[in-house]
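Read through the structure below, which is laid out as structure tokens, and then see the notes.
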Amino acid sequence: MAGIGGSSYWEDLRKQARQLENELDLKLVSFSKLCTSYSSSRDGRRGETSDTTPLLNNSTQDRMFDTMSVEIEQLLSKLTAVNDKMAEYTNAPGSTSLNAALMHTLQRHRDILQDYTHEFHKTKGNFLAIREREDLLGSVRKDIETYKSGSGVNNRRTELFLKEHEHLRNSDRLMDDTISIAMATKENMTSQRGFLKSIQGRVNTLASILHAAVTVKRINLRKRRDSLILGTVIGVCTILLLLYAFH
């Protein structure tokens, strides 16, 4: 695979990797926003009664979560397969002369895959934790409403339960706001990291091009110098032969 065909094969793999990385970046941003908005959406539904809230709406975000998780896992699997093909190419016979540059590119794609995988699992874990907490609070609210309907609106103990529940919900909202700020900060840092990696890749490419140009220039200078020396030697020898012949 080393030659023109191999180079074309390598470029095709790089294009596939970049396309999958771009798709993963967009999916992970949407996935993070879904996780952030999940709790606030559930809070909005808590204020509605079961008579006015359609049952399907309660599971819409859960279905979106499951669908996006499957899509992201498939993209991660495809990107892993492309990276494995790139690794096989670098180990193939005939690519030794370009091995350093190929390994650098491969390592950069592997780092991106590792970052996306870590980000996906962390966001997924946060989402599941929020959903578990929301389900628990919903169960507590249901118990309170049941107790309230059985004891009467003016029951003192019911009022105490309602106040405690309100305190818990306020604390929960504060935690959600904190999580949202942290995730927004992380998203911004991830974006900046990708931008810096892109700049680093361009700088490395430019450095490689400049190094190759300097090397070619040095080779040309050496060829000229060797040609001049050879021409001078031939000329001197010719003059000496002519002098010897006409002496």
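The values are calculated or read from the model by the stated rules, or taken from the named source; none is laboratory data. Fair warning: this is a prediction, and the values are worked out from it, not measured in the lab. Counting neighbours? That spans all protein chains shown, and the Cβs are built from the backbone with ideal geometry, glycine included. We work out accessible area using only protein heavy atoms, side chains counted, and drop any ligands, DNA or RNA first. Shrake-Rupley method; radii C 1.70, N 1.55, O 1.52, S 1.80 Å.
Residues of segment 204-247 being open to solvent by less than 90 Å² (accessible area, probe 1.4 Å) and within 47 Å of the chain's Cα centre (by Cα), which ones?
Matches in segment 204-247: 204, 205, 207, 208, 212, 213, 214, 215, 216, 219, 220.
Please work out which one of (1) at pLDDT 80 or above; (2) open to solvent by 70 Å² or more (accessible area, probe 1.4 Å); (3) of a type in the set (Lys, Arg) is the condition residue 169 fails and give its number.
Of (1) at pLDDT 80 or above; (2) open to solvent by 70 Å² or more (accessible area, probe 1.4 Å); (3) of a type in the set (Lys, Arg), only one is false for residue 169: (2).
Among the residues of segment 173-198, how many are open to solvent by less than 70 Å² (accessible area, probe 1.4 Å) and not polar (S, T, N, Q)?
Total satisfying the criteria: 9.
Taking the criterion of being hydroxyl-bearing (Ser, Thr, Tyr) and either surrounded by 11 or more Cβ atoms within 10 Å (Cβ to Cβ) or modelled with pLDDT of 85 or more (or both), would at least one residue in segment 98-116 satisfy it?
yes
Out of 34, 76, which single residue is closer than 30 Å to residue 114 by Cβ, in contact with a Phe, Trp or Tyr (Cβ under 7 Å, 6 or more places away or on another chain) and modelled with pLDDT of 85 or more?
Checking each option against the conditions leaves just 76.
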